[in-house]
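The values are calculated or read from the model by the stated rules, or taken from the named source; none is laboratory data. As the structure is a computational prediction, the values presented were derived from the model and not from experiment. Glycine gets a Cβ as well: all are built from the backbone with ideal geometry, and neighbour counts include every protein chain shown.
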Amino acid sequence: RVFTCGFRHKSSQGWDFTRRITRRKLILLEPRTGALRMATAQANEPPMSRPSTGRSSTMQAWETGLENPNVLDTEPIAVRGQSAGGHRQLDADGKDGDGDGKSGCGCLKSCKHGLQSIWRTRDTQDTKEDRELYIKTTLRELIIYCIFIIVLMIITFGMTSSTMYYYTKVLSDLFLDTKIENTTNNYRSVGNMGDWWSFVNGPLMNGLYWDTWYNSANFSDPREKNFIYYENKLLGVPRLRQLRVSNQSCNIASYFQGKISTCYAKYSYGVTDKSSFGLGNSTAWQYRSEEQLDGRSHNAEISSYDGGGFAVELSRDKATTQAILKELYSKLWVNRGTRAVFIDFTLYNANINLFCVIRLVTEFMATGGCLPTWDLRTVKLLRYVEPMDYFILACECVFMLFILYYIVEEALEIKKHKWRYFRCFWNCLDILVIVISTVCAAFNVYRTVAVGQKLTTLLQDENNFPDFDFLSYWQQQFNHGIAITVFFAWVKIFKYISFNKTMTQLSSTLGACAKDLMGFAIMFFIVFFAFAQLGYLIFGTQVKDFREFQQSVFTLFRIILGDFDFNSLQTANRVLGPIFFILYVFFVFFVLINMFLAIINDTYSQVKSDLSMQQNEFEMTDYFKQRASRMLSKLNLRRDKIVDIQKAIQSADLNNDKQLDFEEWRAELKQRGYADGEIEALFAKFDLDGDRVLNEEEQRQMHLELEGQRENLDQMINSKQAANEELEPDDEDEMEADGDALPAAATAASTRTSGGGGRGRGGGRKLVSPAEFQVLVKRVDRVEMSIGDIVQKIDSVLLKLELMERAKLRRREAMTRVLDALSGMEGAGSDEAERSRRAEELMRAELERWDVDTATAAASSGLGRGADSARGSRELRSASSTSRK
């Protein structure tokens, strides 16, 4: 592969050439003859007088080739084609650089490497050995994730505002809190069928139909009718729908079968009455399924109801609606078989671009009476109307790009770590955030299309009922999904700041006490659910908070937090109520909860103690101080270079003719260690007339520009030094002490790192902070204590080895004496009985002497030596028996 250096050079011999670098050779082009000469790159580079000139080894080899003509290949290479600049790129063999396809392969590798660098993370890179790479990767991940959080927050808070709350409150005051005429009741206090009909004919009708102004004047434009509060348009028409159960849906006790002929059970899907009743001549008296009504099931206070039923659409005209209601009232549309009545309608406010989908549900219980509930959903179904909405749209597009980015990132990590990837909690959290975000994005597209279709159908015929219940419900789920995503996204920040030990206290504490908490949780919930069942069975028929088992569980949790109603328990049962309350508070609140807190407190103390002895993976301030020091070093080098050139200008004019020709300039800068390329480029920049001589005006321009650059660098250096001083410790004495304690070798190494040559002023020494010093002191103390224990154990081992060696020598001497005596008796010709008796006497004497030595050793040196002596005595007795045999 061939690269052009970027500047042309005129040598003293009049050559006009372009530097071209190949892997092994340098090409010399001579346009006059159309020939190419090739200089071979030399392995041995010439010594450099300047530490750093920016020249590569290939550049220096090129200069070596110019100075030594013998290394030039004299064989010309033909040019097979020319580019726009009159040159054709050739490889080392004289072939076209694109001919063999290697250049394309290199480009693909470069593109692949560039793409991989985009998704570089701590999990895809080997950062254990390279600390600087670990820091850079962590900071890069944190910065990208912070941008992701900002975009997500803009999207989330762009979907909601306090206006939604006020919109909901205004409509709830109108339909829920307006008093029924001639009573003090409102919808919240409806208790029977008569109250419900009074609400429908009173507050509901007055709230839905606004036919005149507040002064009873008619609207000048008929299109202004049916604007609730003059601002909220009623979309389509309202709908009434009821669900019924059939007679004989329950069994009557045999004792009352002669007295009671009808029985209506509580609502369930199995006992739903789908037969026509009443007049049977309109949809109000005929059952329609959930598919026919395009409805959806609803979970209320008592039961869950499907989306079908007996439905009637009201009118946009108040008089017509009153006539419909009058007929329903007179024909007993609501009777004993009715179990739930739904009132559905939708409002839209163009001022704030918000929909409010309202559902008023009245459940008629099998016990008699009714229980009203309501659901007001204020949602923003038309997302893109105002300029701010389009900004949110742009943020959503950026958010999707982030999701694609993280999908690729997680895919690369899964490819590398396989199933081990899912063992990390943070990785599972990443997958969860990606899945929720993808589902929300898909619903966002679906919602935009579906709302457009519904509004198009509605505008064609306003007398239809627009069922926005489905869209509003899933819009709420969309909002909930985004809220959960934001929550998990904020929790995920701990993944990127875990390098700081303070930030890991929560996760470390929970991880350390997880097993203890799980064991304790079993014991806690056994007691807790026992009390929950006891409360439900005792007070469930009288106290609202214990009416269901799940309500009993929530009530007991509220008692733990101090929210309880003791009077209701005492009123329900004056004996068992106080006993239940006292026992629960004592065992659960005073005992179990405090045990729970004790486990966490003990673990937290241990974790905090361990973290105090642990050093951070890296200190953020130290990293930025090092970066600032490097920046100062580079700025100082640039400043010194400018000062060096200014001095060269003053001393280069050797003949004092106030004219600075190129040879004088080149000779002066060559002495200062500059390369020909730098000399040529700088001279050509100010040689405006191209005569290879700098006159007074050109020298003045050079001086002014260099002086301006030097002043700018001084300002930058001062600002960097001020910022660096803010990161340093406040205790100057400690800094000086730490600085004096640094060895000279470390100082020299720091100086070399800061830029070389001793000319950089910004490379400061790395000092030890007080916190690090305390940690090191504690570690040294622990090491000293451990060394003391180790020394004692080593002394004990050496003493035992010495005793074993002594015992071995004594055993050897005793055995030698016994064997010598036995050999002497055999030589004297003694009989067998005499030799046996003599051997036993020798053994007995040795044993007595050994026992005396054992007692003396035990008294003087302890049990260890006595044990060794006893061991030797046993071996001697064994030898005696062997000798006897």
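Taking every residue in the stretch 803-831 that is closer than 19 Å to Met843 by Cβ and pairing it with any residue that is modelled with pLDDT under 75 and among the hydroxyl-bearing types (Ser, Thr, Tyr), at least 6 positions away or on another chain, the pairs with Cβ-Cβ distances below 9 Å are Ala807/Ser869; Arg810/Ser869; Val818/Ser880; Val818/Ser883; Leu819/Ser883; Leu822/Ser883. Being part of a loop (DSSP other than H, G, I, E, B) and surrounded by fewer than 17 Cβ atoms within 10 Å (Cβ to Cβ) is true of Lys179.
The rows are residues; the columns are (1) of a type in the set (Val, Ile, Thr); (2) modelled with pLDDT of 70 or more.
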site	(1), (2)
Asp100	no, no
Leu115	no, no
Thr127	yes, no
Leu133	no, yes
Thr138	yes, yes
Thr156	yes, yes
Thr163	yes, yes
Ser172	no, yes
Leu176	no, yes
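Return yes when Phe345 is more than 39 Å from the chain's Cα centre (by Cα), surrounded by 20 or more Cβ atoms within 10 Å (Cβ to Cβ), farther than 25 Å from Trp210 by Cβ and among the aromatic types (Phe, Trp, Tyr) and no when it is not.
The answer is no for Phe345.
Checking each residue in the stretch 584-610 for being touching a residue at least 24 places away in the same chain (Cβ under 8 Å) and under 26 Å from Leu569 (Cβ atoms) picks out Tyr584, Val585, Phe587, Val588, Phe589, Leu592, Ile593, Met595, Phe596.
Only residues that are touching a residue at least 12 places away in the same chain (Cβ under 8 Å) and either out of contact with any strand residue (DSSP E or B) (no Cβ under 7 Å at 6 or more places or on another chain) or surrounded by fewer than 13 Cβ atoms within 10 Å (Cβ to Cβ) (or both): list them for the stretch 267-281, please. Those that are touching a residue at least 12 places away in the same chain (Cβ under 8 Å) and either out of contact with any strand residue (DSSP E or B) (no Cβ under 7 Å at 6 or more places or on another chain) or surrounded by fewer than 13 Cβ atoms within 10 Å (Cβ to Cβ) (or both): Ser268, Tyr269, Lys274, Ser275, Phe277, Gly278, Leu279.
Screening Cys424 with (1) touching a residue at least 40 places away in the same chain (Cβ under 8 Å); (2) not assigned by TED's automatic domain parsing to the domain that holds Tyr187 gives one miss only, at (1).
Being over 27 Å from Leu314 (Cβ atoms) and either at pLDDT 85 or above or assigned by TED's automatic domain parsing to the domain that holds Leu393 (or both) is a property that Lys454 lacks. The residues of the stretch 450-487 that are crowded, with 16+ Cβ neighbours inside 10 Å and of a type in the set (Ser, Thr, Tyr), listed by number, are Ser472, Tyr473, Thr485.
What are the residues in the stretch 685-710 that are assigned to a helix (DSSP H, G or I) and exposed (fewer than 14 other Cβ atoms within 10 Å of the Cβ), if any? Talk me through it step by step, then tell me what you get.
Looking only at the stretch 685-710, we keep the residues that are assigned to a helix (DSSP H, G or I), and these are 685-686, 696-710.
Residues satisfying the conditions are Lys685, Glu696, Glu697, Arg700, Leu704, Glu705, Glu707, Gly708.
For the stretch 208-261, filtered to residues that are part of a strand (DSSP E or B) and without any contact (Cβ under 8 Å) to a residue 60 or more places away in the chain, the residue that is nearest to Thr457 (Cα to Cα) is Phe227. Identify, please: which residue in the stretch 499-511 is more than 15 Å from Phe425 (Cα to Cα) and among the hydrophobic types (A, V, I, L, M, F, W, C) and is, among those, modelled with the lowest pLDDT? The residue in question is Phe499. Scanning the stretch 192-206 for residues that are in contact with a strand residue (DSSP E or B) (Cβ under 9 Å, 6 or more places away or on another chain) and surrounded by 16 or more Cβ atoms within 10 Å (Cβ to Cβ) gives Met193, Asp195, Trp196, Phe199, Val200, Leu204.
Going by the conditions given, is Asp306 under 48 Å from the mean Cα position of the chain (by Cα), closer than 20 Å to Asn201 by Cα and either in contact (Cβ under 8 Å) with a residue 60 or more places away in the chain or buried (at least 16 other Cβ atoms within 10 Å of the Cβ) (or both)? Judged against the criteria, Asp306 is not a match.
The single residue among Arg223, Arg239 that is surrounded by 15 or more Cβ atoms within 10 Å (Cβ to Cβ) and more than 18 Å from Cys370 (Cβ to Cβ) turns out to be Arg239. Checking the stated criteria, Ser315 turns out not to satisfy the condition of being surrounded by fewer than 16 Cβ atoms within 10 Å (Cβ to Cβ) and within 25 Å of Ser249 (Cα to Cα). In the stretch 447-463, the condition of being part of a helix (DSSP H, G or I), touching a residue at least 40 places away in the same chain (Cβ under 8 Å) and closer than 30 Å to Thr367 by Cα is met by no residue.
Phe256 passes every criterion in (1) within 18 Å of Leu240 (Cα to Cα); (2) surrounded by fewer than 18 Cβ atoms within 10 Å (Cβ to Cβ) apart from (1). Residue-level analysis places Asn186 among those that are free of Cβ contacts under 8 Å to residues at least 40 places away in the same chain, touching an Asp or Glu at 6+ places or on another chain (Cβ under 6 Å) and not hydroxyl-bearing (Ser, Thr, Tyr).
So which residues in the stretch 366-408 are closer than 28 Å to Thr346 by Cβ and in a loop (DSSP other than H, G, I, E, B)?
Lys380, Leu381, Leu382, Arg383, Tyr384, Val385, Glu386
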